Amino acid sequence: MVNVLIIYDSKTGNTASMASAIAEGARSEGAETTVHKLGEKFPMEELSRADAILVGSPTHYSSTTSEMRHFLESVHELGKARKLNLKGKRGAGFGSYGWSGEALERITGALKVLGLVVKSPALKIVESPGENDLAKCREFGKEVTRAALTKAKK
Ligand SMILES: Cc1cc2nc3c(=O)[nH]c(=O)nc-3n(C[C@H](O)[C@H](O)[C@H](O)COP(=O)(O)O)c2cc1C
């Protein structure tokens, strides 16, 4: 079974709705799926155990939220100190945005620097996701799970 970890930030619930729909998609493909919102306490070992890590944030002032920036920096520091090795895991970004959506490029860039393999383009939704958007989120969760499964079988 593949293990999919979803970590996100959200201030008004839009990226949170995306995270739930992505998790639903991943579970429907048989993945063991864990979802954490930043601010919750969780052990960093969960990142080591995951086969795929999906990171979500709304765009705030042309970047991720400051909480997400701090989280990505902490992961980077742990990597540099050789306390965490995420190389070769599947990664992807997602998030809701208002008009420019730079958080998604930031997340994708950060995941690549951490050594994750990012094949799917980040999933971006404008403001509150509608039914079609939620369907895209579920499909995104399925796609990443299938990719992680293929890799796990190799
Ligand atoms: C303080 C603040 C700054 C924002 N800055 C941007 C921005 O630079 N670019 C953009 O596309 N959207 C921006 N937005 C819009 C949010 O990304 C958008 O409302 C998003 O749906 C919020 O997602 P959430 O409900 O997950 O918090 C900003 C919103 C807030 C509250």
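The values are calculated or read from the model by the stated rules, or taken from the named source; none is laboratory data. These figures come from a predicted structure and were not determined experimentally. When we count neighbours, we look across all protein chains shown, and the Cβ atoms used for this are built from the backbone with ideal geometry, even at glycine. Side chains are part of the model used for accessible areas, which takes the heavy atoms of the whole protein and leaves out ligands, DNA and RNA. Shrake-Rupley method; radii C 1.70, N 1.55, O 1.52, S 1.80 Å.
Solvent-accessible area of residue 119, all protein chains in place: 140 Å² (probe radius 1.4 Å, heavy atoms, ligands and nucleic acids excluded).
DSSP assigns beta bridges within the chain; of those with both partners inside it, close to 5 percent run antiparallel.
The mean accessible area for residues of segment 28-90, using a 1.4 Å probe and ignoring ligands and nucleic acids, is 56 Å² per residue.
Between the amide H of residue 125 and those of 95, 96, 97, distances stay under 5 Å, these residues lying 5 or more places away or on another chain, with hydrogens modeled in the peptide plane. Computed FRET efficiency, Cβ-Cβ of residue 131 and residue 41, R0 41 Å: what is it to the nearest 0.05? It comes to 0.75. Applying 1/(1 + (r/R0)^6) with R0 = 35 Å to the Cβ-Cβ distance of residue 77 and residue 34 gives a FRET efficiency near 0.95. Students often get this wrong, so check it: of 80/153; 89/153; 89/142; 87/119; 119/151, which have C-alpha atoms separated by over 23 Å? As for pairs spanning more than 23 Å Cα to Cα, those are 80/153.
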